[in-house]
Amino acid sequence: MTRHSKRTNSKFARLSLTLALLLTVCESALAQAKPGVTPNWGTTDIQSNPQVQPSFRKSSPEVKPGTQFNTGVAAIEAKYKLMGGPGGFMGAPKGDFKPAANGGTSRMYQHGLIIWGPSLGAFQLFGASLAKYAALGFEKGPLGYPTYDPVGDMKTELTSQFQKGVIIWNINAGAHAIYGPIYAAWLKSKQHFKDFPDCGIPLTDEADGPLVQGQRTRQQKFNNGTLTWESATNTVIVNRCGGGGK
């Protein structure tokens with residue numbers, strides 16, 4: 001056999017050995033792979049790398065970046081920045097971002113709350129109105145999520161609008177919520193129909209009233225009268241709003 005033939009055979013032998021090793025590695029990788037699972041190359045665990053998306057680091061363990069929760073976090077951070085951040089009206093944060101009902105997000109601050117509801121936006125609450133909202137169960141209560149920031153005069157009267165009602169704070173009457181059938185009737189009174197004058201601001205919270213036909217009622221007093229929901233007929237009775245009779 002010539003020297004040229006020997007060198008050629010040696011090259012082929014080395015090449016065959018290399019191909020055999022590569023085939024062994026590939027077969028081993030395929031044996032470990034799970035059917036239908038895409039390899040996760042280059043992803044970063046936020047919990048192990050504090051430099052990645054620090055705004056989301058303290059979210060609940062079951063929440064991962066890119067979820068609706070973190071959409072709320074981003075909206076709250078933007079709202080907070082717009083309000084001046086730590087040196088603004090809300091002051092410094094008092095806790096982490098927290099998941100809220102139906103996919104929402106909230107965060108408490110020194111002087112209030114910013115809460116984000118899906119498809120609604122991030123809105124602020126503070127003072128006596130926030131205390132009333134908390135007493136009613138926040139977004140899980142009868143009001144749902146806020147839909148606007150408080151409007152009015154911070155020294156005399158503020159109205160906070162929600163999905164299912166309002167909280168009105170007045171310097172003399174305090175903060176009271178209106179919701180349910182009484183809220184629907186109160187809204188009608190705000191339209192100033194001749195047969196249903198404006199009932200004004202609430203002076204009390206909704207509470208149990210006297211039984212009618214043996215059935216419970218719910219009653220709320222306003223500065224221009226009283227609204228009473230009767231469960232027996234599922235109607236709201238107006239007493240003396242705008243000076244009118246029952």
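The values are calculated or read from the model by the stated rules, or taken from the named source; none is laboratory data. Everything quoted here is computed from the prediction, not taken from an experiment. All Cβ positions, even for glycine, are placed from backbone atoms using ideal geometry, and neighbour counts span all protein chains on display.
Can you find, within segment 215-224, the residue that is modelled with the lowest pLDDT among those that are assigned to a strand (DSSP E or B), of a type outside the set (Ser, Thr, Tyr) and over 9 Å from residue 202 (Cα atoms)? The selected residue is 215.
For residue 124, are the conditions met, namely being over 30 Å from residue 225 (Cβ atoms), loosely packed, with under 15 Cβ neighbours inside 10 Å and not assigned by TED's automatic domain parsing to the domain that holds residue 225? Give the derivation first.
Numbers: over 30 Å from residue 225 (Cβ atoms): yes; loosely packed, with under 15 Cβ neighbours inside 10 Å: no; not assigned by TED's automatic domain parsing to the domain that holds residue 225: yes.
Against the criterion (over 30 Å from residue 225 (Cβ atoms), loosely packed, with under 15 Cβ neighbours inside 10 Å and not assigned by TED's automatic domain parsing to the domain that holds residue 225), residue 124 does not qualify.
Name the one entry in 237, 178 that is at negative phi and surrounded by 19 or more Cβ atoms within 10 Å (Cβ to Cβ).
Values: 237 fails: surrounded by 19 or more Cβ atoms within 10 Å (Cβ to Cβ).
Checking each option against the conditions leaves just 178.
At least 1 residues being in contact (Cβ under 8 Å) with a residue 24 or more places away in the chain and either of a type outside the set (Gly, Ala, Ser) or more than 24 Å from residue 176 (Cβ to Cβ) (or both) is the threshold, and among the strands (runs of 3 or more DSSP E) wholly inside segment 88-163 those reaching it are 98-100, 104-109, 112-117, 121-125, 157-161.
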